[in-house]
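Working notes, structure below.
No lab work stands behind these numbers, since they all come straight from the coordinates. Every value quoted in this text rests on a predicted model; they were computed, and no experiment measured them. Cβ sites come from the backbone with ideal geometry, for glycine too, and all protein chains shown count toward neighbours.
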């Protein structure tokens with residue numbers, strides 16, 4: 001990410017991502033005069049995701065049958081476009097490969113052997129390495145579901161409920177998480193490999209202001225489902241106008257859950 005600097009300087013307390021001691025892309029260390037975290041330079045952020053790996057139904061976990069009401073852990077793998085790394089002594093799965101966030105995709109086999117009702121819970125970290133929990137209704141027979149939240153790293157996933165036949169697989173989706181809070185579609189422009197997406201409201205979900213956030217609420221900074229599927233080559237560039245750079249919640253959204 002980079003910042004397009006304008007003449008104005010906004011002096012606030014939001015120069016650091018929540019729960020992260022390192023300066024954010026908009027943040028600059030303050031001087032004693034400001035007595036806070038803040039000089040935040042206003043206010044258009046360029047958020048570029050270069051050649052994201054193609055979305056997949058199985059690059060986090062192959063189709064598996066789960067049965068019963070208990071919670072069953074998903075055996076994660078680092079498939080195409082996914083790598084593993086260690087953060088604070090824990091092995092995590094990097095589903096973006098750069099500073100950004102994507103959704104987790106779950107797919108159920110179709111036909112009579114497809115999955116029954118189930119709930120999925122994914123634990124991970126966002127792009128600032130803040131813990132995120134996403135709980136959502138999983139895919140049933142023949143369907144594909146994207147997680148309600150996006151993340152940079154996946155730590156674990158589990159399924160509660162039943163699946164039969166070929167069961168449920170997991171992969172990386174095409175929903176993108178924003179680095180700063182986006183409240184309306186008029187607050188960002190997106191291009192796909194240089195072509196402006198004119199109807200950027202399609203696939204856009206505004207920042208969820210539910211406070212406190214829960215595992216079932218949506219992204220605290222908002223999300224956007226790409227209208228052109230990732231293919232390992234396309235470049236997605238977002239120009240984002242953060243409407244409130246003076247407060248932590250205004251810039252980064254309410255605290256993650």
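Please report the spacing between the Cα centers of the stretch 123-170 and the stretch 210-240 in Å, no decimals.
Computed from Cα coordinates, the inter-centre distance equals 15 Å.
Nearest 0.05, what FRET efficiency do residue 129 and residue 193 give at R0 = 25 Å with Cβ-Cβ as r?
The calculated FRET efficiency here is 0.30.
Can you put 208, 126 in order of Cβ neighbours within 10 angstrom, beginning with the fewest?
208, 126
For the stretch 61-176, which semi-axes, largest first and in whole Å, follow from the square roots of 5 times the eigenvalues of its Cα gyration tensor?
24, 13, 12
Taking just the alpha carbons, could you work out the radius of gyration and Dmax for the stretch 53-105, both in angstroms?
In Å, with Rg to one decimal and Dmax whole: 12.8, 38.
Determine, for 119, 75, the number of other Cβ atoms within 10 Å of each Cβ, and report the residues in order from fewest to most.
75, 119
What FRET efficiency, computed as 1/(1 + (r/R0)^6) with R0 = 25 Å and r the Cβ-Cβ distance, is obtained for residue 162 and residue 214, rounded to the nearest 0.05?
0.55
Equivalent ellipsoid semi-axes for the stretch 113-155, as square roots of 5 times the alpha carbon gyration tensor eigenvalues: give them largest first, rounded to whole Å.
Semi-axes (√(5λ), whole Å): 25, 9, 7.
When 93, 128, 180 are ordered from fewest to most other Cβ atoms inside 10 Å of their Cβ, what list results?
Fewest-to-most Cβ neighbours within 10 Å comes out as 128, 93, 180.
Which value in nm describes the separation of the simple spin-label points at residue 205 and residue 91, placed 7 Å from the Cα toward the beta carbon?
Here the modelled spin labels are 2.9 nm apart.
Using a Förster distance of 45 angstrom, determine the FRET efficiency expected from the C-beta separation of residue 141 and residue 46, and round it to 0.05.
It comes out at approximately 0.60.
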